[in-house]
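Engineer: Okay, handing you the structure first.
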Amino acid sequence: MRRSCSTHLTAALLLVGALALAFASRASAQLMLVGNDEKVGWDDAGKVVVRAPGKDTISIVDIANREAPRIVASLPLMNSVFGPPTNLQITPDGTLALVANSMDVVQDGGGFKAVPDTKLYVIDLTTSPPALLTTVEVGKQPSGLAINRQGTLALVANRADNSISVLSIQGKTVKVVDTVVIGEQVAAVVFTPDGRRALAAKFPNHKVAMLEVNGEKVTYTKYDMPVGLWPYNIDVTPDGRLALTADNGNAGGSDGHVDTVSVIDLEASPPRVIDRVVVGDAPEGLAISPTGEIAVAILLNGSAGVAKNAWFANKAGKVVVLKIDGKKVTKVGEVEVGGLPEGVVFSPDGKYLYVGNYTDRDVSILRVDGTKVTDTGKRLSLPGQPASMRGAAR
């Protein structure tokens, strides 16, 4: 009898230990999302070529081993290179991933054409392997999205609807609770760290709109700030003092001329643009380190979407490193990466940087030491062309 009790106790302890280990492993997982678009490319003249749909994937990548990330799963879900590479994000607790698909592809005579979509995929990251949980209908051409630090609210910029969808997140339930009419096209959106405000990039109008957030109520204040030409992306420093915008300069593509990152002072009343930093040709990807020491702007640099014989055509894109010192932002370095770099993700400790190279179908792995960024020479191969990349909301 005593032996039997001991055996049962041992088995129970082993089960508890196994469950604890599984929970700890899941809790410590450090993931990023990569949206792979297999439908869109360009010909030698720089003209968009749209192919048949059905081969897109969303890759879920474990970056716990910083220089040897591994793909955990690749789900067969449509994703689009049209729009800023911030159409996806992981909730702060790591349980869910939200992915907006901006464009669908339909038959057009003997070929295909892209048309606005309205789908937002909700992926359960707690299952093994991760799986699609549900699909939510949002506005037309959902593009940049953001999840607040509290993990309770998400915003989605609907480019074709001139609006922002507001979604509540309660456990694994995600639903649209409101729509904010902006009246102008918005490409990207970001929360401030305290969750009380949000900023939206008005792409064709070269402005950033200020939003107030009170619980699930989001209000457009009608206060706009003039930034550089064609703001396509936006991020906020971890301390909430500054916002940066990637001002593409040419409606989403390269033109060979220099463009800027605009600096917004969020502590000023009202917030205002205090500087513009020249970075190079066509910044699109943008991210601020979790340490707050640096930001990176990802330059298309004429590496795709332009004629092969254009004077500004290049094989490689670039990572531009920006030092953040209080409210002063300065360019301190450049690193070449692959062709048509789009998305960018910092590791949670800020010591590594991952850049998706669309035409090379891989991810460049860069090392970060203070304000110095260097290429490790290592790359992660992907099952498709990385159109977007994002980690967890912070």
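The values are calculated or read from the model by the stated rules, or taken from the named source; none is laboratory data. Not measured: the values here are computed from a predicted model. Note that we place each Cβ from the backbone using ideal geometry, even for glycine, and neighbour counts take in every protein chain shown.
Engineer: Looking at the range 144-156, I want the residues that are under 20 Å from ASP117 (Cα atoms) and have a partner that is in a loop (DSSP other than H, G, I, E, B) and among the polar types (S, T, N, Q) with Cβ atoms under 7 Å, at least 6 apart or on another chain. Which pairs are those?
Structural biologist: Qualifying pairs under 7 Å: GLY144/THR86; GLY144/ASN87; LEU145/THR86; LEU145/ASN87.
Here's the yes/no breakdown for (1) among the charged types (D, E, K, R); (2) closer than 25 Å to PRO231 by Cβ; (3) at pLDDT below 95:
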| position | (1), (2), (3) |
| --- | --- |
| VAL115 | no, yes, no |
| THR126 | no, no, no |
| ARG149 | yes, yes, no |
| ALA157 | no, yes, no |
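Engineer: Moving on. Looking only at the range 213-225, decide whether some residue is outside any loop (DSSP other than H, G, I, E, B) and touching a helix residue (DSSP H, G or I) at 6+ places or on another chain (Cβ under 9 Å).
Structural biologist: Yes, the range 213-225 has at least one match.
Engineer: Further question: Would you check which residues across the range 168-196 are in a strand (DSSP E or B) and either without any contact (Cβ under 8 Å) to a residue 40 or more places away in the chain or farther than 20 Å from VAL273 by Cβ (or both) and list them?
Structural biologist: Residues satisfying the conditions are SER168, ILE169, GLN170, THR173, VAL174, LYS175, VAL176, VAL177, ASP178, THR179, VAL180, VAL181.
Engineer: From the set of residues in the range 182-197 that are of a type in the set (D, E, K, R) and touching a strand residue (DSSP E or B) at 6+ places or on another chain (Cβ under 8 Å), which is modelled with the lowest pLDDT?
Structural biologist: Among residues in the range 182-197 that are of a type in the set (D, E, K, R) and touching a strand residue (DSSP E or B) at 6+ places or on another chain (Cβ under 8 Å), the one modelled with the lowest pLDDT is GLU184.
Engineer: For PRO193, state whether it is in contact with a His (Cβ under 9 Å, 6 or more places away or on another chain) and surrounded by fewer than 20 Cβ atoms within 10 Å (Cβ to Cβ).
Structural biologist: no
Engineer: Could you please find all residues in the range 198-212 being part of a strand (DSSP E or B) and touching a residue at least 24 places away in the same chain (Cβ under 8 Å)?
Structural biologist: Restricting attention to the range 198-212, the residues satisfying the condition of being part of a strand (DSSP E or B) are 198-202, 207-212.
Within the range 198-212, ALA198, LEU199, ALA200, ALA201, LYS202, LYS207, VAL208, ALA209, MET210, LEU211 meet the criteria.
Engineer: Now a separate question. Does at least one position in the range 159-181 carry a residue that is crowded, with 22+ Cβ neighbours inside 10 Å, charged (D, E, K, R), more than 21 Å from VAL344 (Cα to Cα) and in contact with a strand residue (DSSP E or B) (Cβ under 9 Å, 6 or more places away or on another chain)?
Structural biologist: Yes, that holds for at least one residue.
Engineer: Moving on to the next point. Check TRP311 against each of (1) crowded, with 22+ Cβ neighbours inside 10 Å; (2) more than 21 Å from ILE365 (Cα to Cα); (3) among the aromatic types (Phe, Trp, Tyr) and name the one condition it does not meet.
Structural biologist: Single failed check for TRP311: (1).
Engineer: Here is a follow-up. Residue by residue through the range 196-209, note down the ones that are more than 18 Å from LEU167 (Cβ to Cβ) and either among the charged types (D, E, K, R) or buried (at least 20 other Cβ atoms within 10 Å of the Cβ) (or both).
Structural biologist: Just the residues of the range 196-209 that are more than 18 Å from LEU167 (Cβ to Cβ), to begin with: 201-209.
ALA201, LYS202, PHE203, LYS207, VAL208, ALA209, listed by residue number.
Engineer: Against the definition (of a type in the set (Ser, Thr, Tyr) and free of Cβ contacts under 8 Å to residues at least 60 places away in the same chain), how does THR219 come out, yes or no?
Structural biologist: yes
Engineer: If you take the residues in the range 72-121 that are aliphatic (A, V, I, L, M) and not in a strand (DSSP E or B), which one is nearest to the chain's Cα centre (by Cα)?
Structural biologist: First pass over the range 72-121, keeping only residues aliphatic (A, V, I, L, M): 72-73, 75, 77-78, 81, 88, 90, 96-100, 103, 105-106, 114-115, 120.
Then keep just the ones that are not in a strand (DSSP E or B); that gives 77-78, 81.
On the way: LEU77: 17, MET78: 16, VAL81: 12 Å.
The qualifying residue nearest to the chain's Cα centre (by Cα) is VAL81.
Engineer: While we're looking at this one, here's another question. Taking the criterion of being closer than 13 Å to ASN233 by Cα and not in a strand (DSSP E or B), would at least one residue in the range 139-151 satisfy it?
Structural biologist: Scanning the range 139-151, I find no residue that is closer than 13 Å to ASN233 by Cα and not in a strand (DSSP E or B), so the answer is no.
Engineer: Only one residue in SER59, SER25, SER4 is at pLDDT 95 or above, farther than 20 Å from LEU167 by Cβ, not in a loop (DSSP other than H, G, I, E, B) and not aliphatic (A, V, I, L, M). Which one?
Structural biologist: SER59
Engineer: In addition: Scan the range 276-303 for residues that are buried (at least 16 other Cβ atoms within 10 Å of the Cβ) and at positive phi and jot them down.
Structural biologist: GLY280, ALA282, ASN301, GLY302
Engineer: Can you give me the ranges of the strands (runs of 3 or more DSSP E) entirely in the range 352-394 with at least 3 residues that are among the charged types (D, E, K, R)?
Structural biologist: Passing ranges, in order: 362-369, 372-381.
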